[in-house]
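Structure first, then comments.
Quick note: the coordinates plus some simple rules give every number you see, no bench work behind them. Since we're looking at a predicted model, the values are computed, not measured. Cβ placement follows ideal geometry from the backbone for every residue including glycine, while neighbour counts extend to all protein chains displayed.
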């Protein structure tokens, strides 16, 4: 009686077992389950990174945009009353503060308040708020803008030009985080980042005096 064949045939050769691959699932590729955009997306809150600190290099002067909510500092040391004028138009306009001794020589200089404002995205700028004139009379647009800036010391404010006036809207406090005002720079240092000292008109020697009056310094 012959021995039973194990994995072989009558020739005595052992044949390898053949696995039917169609009966097994293909091994999954882990990379296919990863959202590449989610892996690449950067956290935009750079100030939250430990060991990093935002360095303020410049502070442009501009008004809040209609799409922005903003806050202003509650500290009155960050509200600076002076005389100033804007030379140029639109985005090309430059701010020139004028000293008390020069304001009578340069009638272009008007009473203003310079203060900071921070948007809902924690972007910081200077705002030149125009005040009442020397006789105490207000332009209605300027008055509402100033009042909106005062409201922004305690709440997020949006200001949009409407028909003949500004429309002022308060934001929901729960939707916005508190602004982070720079603690390591005083107001004078912040102002220098916004309006360099060479633009401050303190005497007749300033080049802008000749431009505006047509007289030599």
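In table form, for the structure just shown:
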read-out: Peptides 67-74, 194-201, 129-136 ordered by average Cβ neighbours within 10 Å, highest first; value: 67-74, 194-201, 129-136
read-out: Order by protection proxy (mean Cβ within 10 Å, highest first), peptides 172-183, 204-215; value: 204-215, 172-183
read-out: The stretch 50-170: C-alpha gyration tensor shape, a/c 1.5 cut-off, then a/b vs b/c; value: oblate
read-out: Sequence-separation-based contact order of the stretch 70-213, relative, with Cα cut under 8 Å and 6+ spacing, percent; value: 27
read-out: Kirkwood Rh in Å, taken over the stretch 155-209 so that all alpha-carbon pairs contribute; value: 15.4
